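Encoded as structure tokens, the structure appears first; notes follow it.
The values are calculated or read from the model by the stated rules, or taken from the named source; none is laboratory data. Note that the structure is predicted; figures quoted are calculated from it, not measured. Every residue, glycine as well, gets a Cβ built from its backbone with ideal geometry; the counts of neighbours run over all protein chains shown. Remember, those area values only see protein heavy atoms, side chains included, never the ligands or the DNA or RNA. Shrake-Rupley method; radii C 1.70, N 1.55, O 1.52, S 1.80 Å.
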Amino acid sequence: MLKVAFIGWRGMVGSVLMGRMIEEGDFAGYEPLFFSTSNVGGKGPDVGFDIPPLQDAYDVKLLSSMDVIVSCQGGDYTKRVYPELHNMGWQGYWIDSASTLRMDPDSIIVLDPVNRHVIDAGLSSGIRTYVGGNCTVSLMLMALAGLFASGHVKWVSSMTYQAASGAGANNMKELISQMRVLGQVAADLLDDPASTAIAVDVAVTKAMRSENFPTKYFSAPLAGSLIPWIDVPMDSGQTREEWKGYVETNKILNTEKNPIPIDGICVRIGAMRCHSQAIVVRLDKDIPIDEIYDMIGNANEWVDIVPNEKESTLKHLSPAAVSGTLKVPVGRLRKMLMGPEYVSVFTVGDQLLWGAAEPVRRMLKIILAR
Ligand code: NAP
């Protein structure tokens with residue numbers, strides 16, 4: 001029976017992965033072994049049957065006896081353990097959610113509803129490293145896979161509205177702590193029907209600018225504000241998050257030899273775990289809007305076309321509507337005034353599901369089914 005190691009299973013991505021695997025009955029047909037970097041000998045997750053105590057995630061000898069290693073532990077862990085395993089001659093499959101190995105020429109970025117052909121070719125050619133993509137990239141591709149597959153995309157500009165969860169668990173909590181402070185400073189005014197909105201604004205702005213406002217993790221107010229900077233700067237003037245849009249998309253689509261230009265500004269907003277994106281697609285010809293609807297809507301079972309009208313948009317095209325689901329609604333779809341080759345799209349997706357855990361879960365199933 002194949003042996004599968006799970007590392008990082010109690011982190012944010014890992015726990016969403018565990019939840020999905022239990023939901024889908026994915027713990028059958030192989031021998032799972034759970035590891036920890038902090039609690040060796042402790043109790044693993046409840047997967048519906050007895051499992052051994054937690055193993056040491058730095059025990060490379062034990063890890064090298066595994067057929068598949070699934071890691072949601074993070075980049076530092078991958079940087080340390082992956083080379084050690086390969087130096088020992090380990091030949092198993094490594095499935096990872098960290099970005100460390102994504103651009104490695106010997107890895108494949110996995111998003112099987114979009115690039116199953118690339119994954120299958122990789123498996124046939126002996127590639128053993130499979131990495132989940134950047135959340136924003138994966139969600140954009142889930143939404144627009146049909147358009148990309150048509151071969152008519154000349155370039156894409158995506159302006160993002162990214163959730164706190166992409167920055168980590170502490171950031172999610174800090175966002176709500178900031179909201180709590182704002183709610184508290186405005187509470188009396190909100191309870192007074194005679195108070196003005198300007199008075200509320202003055203109180204809230206003063207709190208946001210105060211030294212005591214909780215900004216340890218974001219380094220700036222997010223609640224009641226936004227942060228137009230995600231990750232580190234690149235020489236191009238982009239942030240690393242913006243850079244990933246171009247390099248990862250073209251790697252996932254296997255278009256690196258003739259890359260599709262993709263660029264935009266990535267912005268953190270006060271959503272919990274859904275990223276949204278306002279996308280402009282430049283096509284290479286005028287394609288009727290009905291055909292574009294069909295291309296996008298028929299690409300996979302998770303895309304939901306939302307009609308470009310107010311009621312449906314408010315009901316279906318928001319983080320509040322999508323959070324915790326695998327749905328990828330695509331709306332605000334129309335031709336733009338710049339010309340018939342320019343299309344606008346707005347899409348929302350749960351960045352812990354399609355943006356992180358789900359491609360990893362599905363990759364494990366693909367390997368186990370071989
Ligand atoms: P995380 O929540 O920080 O978890 C990583 C590890 O931290 C856990 O497996 C756990 O390891 C340890 N840990 C320490 N204190 C913990 C606590 N109180 N609760 C839970 N775990 C704790 O990391 P993550 O956000 O899931 O990200 C994992 C990797 O996926 C990263 O490389 C990240 O870049 C990537 N990724 C993240 C996202 C995202 O949206 N967050 C999206 C795509 C990819 P032990 O059990 O061994 O102590």
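Here are the numbers for this structure:
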item: Two-site FRET efficiency, residue 258 against residue 116, from Cβ-Cβ distance with R₀ of 22 Å, rounded to 0.05; result: 0.60
item: Alpha-carbon centroids, the range 308-369 and the range 27-78: separation in whole Å; result: 32
item: Residue among 130, 293, 58 with the largest mean-square fluctuation in a Gaussian network model of the chain, springs linking Cα atoms under 10 Å; result: 58
item: Label-point separation in nm, residue 79 to residue 293, each point 7 Å along Cα→Cβ; result: 4.9
item: Percent accessible area from carbon and sulfur atoms, the chain, protein chains only, probe 1.4 Å; result: 52
item: Pairwise Cα inverse-distance average, inverted: Kirkwood Rh of the chain (Å); result: 22.1
item: Efficiency of FRET from Cβ geometry, residue 320 and residue 190, R₀ 35 Å, rounded to 0.05; result: 0.95
item: Among the listed pairs 61/244; 154/257; 285/327; 154/335; 315/365; 79/251, those beyond 26 Å (Cα-Cα); result: 61/244; 285/327; 315/365
item: Other-chain or far-sequence residues with amide H under 5 Å of residue 96's (modelled H); result: 71, 130, 131, 132
item: Computed over the range 31-179: relative contact order in percent, which uses C-alpha pairs under 8 Å that are six or more apart; result: 15
item: Separation of the residue 368 and residue 219 label points, Cα + 7 Å toward Cβ, nm; result: 4.1
item: Residue 124 versus residue 1: modelled label distance in nm, points set 7 Å from Cα along the beta carbon direction; result: 3.2
item: Difference of contour (0.36 nm per residue) and Cα-Cα distance, residue 157 to residue 88; result: 20.5 nm
item: Difference of contour (0.36 nm per residue) and Cα-Cα distance, residue 212 to residue 232; result: 4.6 nm
item: Top of 133, 224, 44 by mean-square fluctuation, Gaussian network on the chain, Cα under 10 Å; result: 224
item: Debye, to nearest 20: dipole size of the chain, +1 on Lys, Arg Cβ, -1 on Asp, Glu Cβ; result: 300
item: Probe 1.4 Å, accessible area per residue of the chain, Å²; result: 47
item: Calculated [θ] (222 nm, deg cm²/dmol) that DSSP helices of n ≥ 4 give over the chain, each run adding -39,500 (n - 2.57); result: -11500 deg cm²/dmol
item: Of every Cα-Cα pair in the range 1-147, the percent that sits beyond 19 Å; result: 54
item: Between the range 153-173 and the range 181-214, the alpha-carbon center distance in angstrom; result: 28
item: Amide H contacts of residue 351 (H built 1.01 Å from N, under 5 Å, at least 5 apart or other chain); result: 274, 275
item: The chain: most fluctuating residue of 141, 314, 33 per GNM, C-alpha cutoff 10 Å; result: 314
